[in-house]
Amino acid sequence: MVYSVEERIKMILIYGSEGMCYLRTALVFNERNPGKNVSHVYVRDLIKKFQETGSVANKKERDLEFWIKK
């Protein structure tokens, strides 16, 4: 499933407020967003990307932001 930038930011915020636990983050996000089914593995990968790049945007989104700013 594809998650919007807003949804990914919510996951980051939940991660911080839930004791930095991937599983708890996924559970809370899914409870707050019926119809969504994010996995703890997705949360883990998102957190890793955010820590490495400082962004939750996908590569194509980051590339687009770069060209728009030029």
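Values in this text are rule-based calculations from the coordinates and carry no lab data. Given the structure is predicted, the values throughout are model-derived calculations rather than measurements. Virtual Cβ from ideal backbone geometry, glycine too; neighbours counted across all protein chains shown.
Couple of notes before you dig in:
- Extension gain (nm, one decimal) between H40 and K59, 0.36 nm per residue minus Cα-Cα: 4.7 nm
- Theoretical FRET efficiency, 1/(1+(r/R0)^6), r = Cβ-Cβ of Q51 and M1, R0 30 Å, to 0.05: 0.85
- Hz values of 3J(HN,Hα) by residue in region 36-45 - Karplus curve (6.51, -1.76, 1.60), Gly and Pro given as x: 9, 9, 6, 9, 5, 5, 4, 4, 4, 5
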